[in-house]
Amino acid sequence: MKKVYNFSAGPAVLPSSVLKKVQDEMLDYADSGMSVMELSHRSSLFQAIIDDAECLLRELMSIPDHYSVLFLQGGASLQFSMIPMNLAQNKKVAYVNSGSWSEKAIEEALKIPDLTVDVIASSQQDQFKKVPTIPAVTADYDYLHITTNNTIEGTTYFEVPTGIEIPVIADMSSNILSSEYDVSDFGLIYAGAQKNIGPAGLTVVIIRKDLIRLVDNLPAMLDYSVQEKNNSMYNTPPTFAIYVAKLVFEWLKELGGVKSIEAINRKKAQLLYDYLDQSSLFSSPVERGSRSLTNIPFVTGDAAIDKQFVEEAEKAGFVNLKGHRSVGGMRASLYNAFPIEGVTALIEFMDTFTKKTEE
Ligand code: PLP
């Protein structure tokens, strides 16, 4: 089998032990004579899978009982619409613009009729090289939306400011389960699964129960109260993705949980940032205090050299290092399942490339 280090920003690398288990159980799940993909979502076998997945996620993130966990579809992108549709009771919402995904969330909120969408902080003028400071917000907003990790720009809020009176809504798509957050700091957390959780097709929503309310005329699929009442099974859920997510949660628990993986993630990221900070060819465009653990963009300052680096790296087995088309350069995504050996191997490769280029 071809061995590569996969730096994809998503869908991203999964733990190899999880993939092996999926393979082992592929044709016959728990002596049922059926694949997980063939199980009815109403069967006791699948019910046990979704229950375990929820239980494990609750344990990993210490999710309090007054929060519901929903396993939905439509990606994080559908949450950009569902959030204002469900939570904007007073028709006034606040957003922080910290990068391309925040901008998408804002764009979707702006499509909701009669909704006032205020961007209360932005780092656009700094080319999103840092996250903006979150100012005090008045209590007349329905919520404040932030993106905890900006996948494209490589910046992160490691903490949310305390004392915000309104619910804080967090897009955690690219750093859920990779560093510790206190769930009770948030009204709602959402994440597409395809980075730290499992296959694409599953979206996790963690929502404080008092925020779930009936809204007139919402399509059932877009209504948190319908999804909650039906335990995420109003329609056929993405059963296979939920099963793989459960295995990833087990893997993470065995590793010691979020605290342990955060320590590993810090070590991985530090190795690369330290190398970039002393390199004569490569550098990080991101301000130190905002640097992401999971998405690390880097540049040479010369688009032709960047291109050559990405091509040569690909040939050497370092795949998906090309930066997002909107920012160029390179980006190494180091999610939970990405091995530390891959970081040291990349640094060695960058060093050899530097010597060759500067000869
Ligand atoms: N938000 C963030 C921070 C992301 O990184 C992504 C995808 O990369 C999205 C939202 C969109 O996610 P999805 O493709 O699940 O809609």
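The values are calculated or read from the model by the stated rules, or taken from the named source; none is laboratory data. Keep in mind the model is a prediction, meaning the values are calculated, not measured. All Cβ positions, glycine included, derive from the backbone under ideal geometry; neighbour counts span all protein chains shown.
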State all residues of the stretch 1-45 that are closer than 25 Å to residue 235 by Cα, hydrophobic (A, V, I, L, M, F, W, C) and within 27 Å of the chain's Cα centre (by Cα); if no residue qualifies, say none. 22, 26, 36, 37
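What about residue 169, is it over 27 Å from residue 323 (Cβ atoms) and crowded, with 17+ Cβ neighbours inside 10 Å? Let's see the steps before the verdict.
Details: over 27 Å from residue 323 (Cβ atoms): yes; crowded, with 17+ Cβ neighbours inside 10 Å: yes.
Answer is yes for this residue.
Given the criteria crowded, with 24+ Cβ neighbours inside 10 Å, touching a residue at least 24 places away in the same chain (Cβ under 8 Å), near the ligand (Cβ under 10 Å from one of its atoms) and in the same structural domain as residue 82 (by TED's automatic domain parsing), does residue 203 qualify? Let's see the steps before the verdict.
Working: crowded, with 24+ Cβ neighbours inside 10 Å: yes; touching a residue at least 24 places away in the same chain (Cβ under 8 Å): yes; near the ligand (Cβ under 10 Å from one of its atoms): yes; in the same structural domain as residue 82 (by TED's automatic domain parsing): yes.
Yes.
Go through the stretch 55-125 and tell me which strands (runs of 3 or more DSSP E), entirely inside it, have 1 or more residues that are in contact with a His (Cβ under 6 Å, 6 or more places away or on another chain) and at pLDDT 95 or above. Even if it seems obvious, please write down each step before you answer.
Details: elements: 67-72, 92-97, 116-122.
Qualifying strands (runs of 3 or more DSSP E): 92-97.
For every residue, the table says whether it meets (1) more than 15 Å from the ligand (Cβ to nearest atom); (2) without any contact (Cβ under 8 Å) to a residue 40 or more places away in the chain; (3) in the same structural domain as residue 90 (by TED's automatic domain parsing).
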site: 109; (1), (2), (3): no, yes, yes
site: 113; (1), (2), (3): yes, yes, yes
site: 116; (1), (2), (3): yes, yes, yes
site: 119; (1), (2), (3): yes, yes, yes
site: 134; (1), (2), (3): yes, yes, yes
site: 138; (1), (2), (3): yes, yes, yes
site: 152; (1), (2), (3): no, no, yes
site: 155; (1), (2), (3): no, no, yes
So which pairs qualify, if the first residue must be in the stretch 45-57 and under 25 Å from residue 180 (Cα atoms), the second must be surrounded by fewer than 21 Cβ atoms within 10 Å (Cβ to Cβ), the Cβ gap must be under 7 Å, and the two must be at least 6 apart or on different chains? 54/69; 56/250; 56/253; 57/63; 57/69
Give the number of residues within the stretch 84-105 that are within 12 Å of the ligand (Cβ to nearest atom) and buried (at least 16 other Cβ atoms within 10 Å of the Cβ). 7
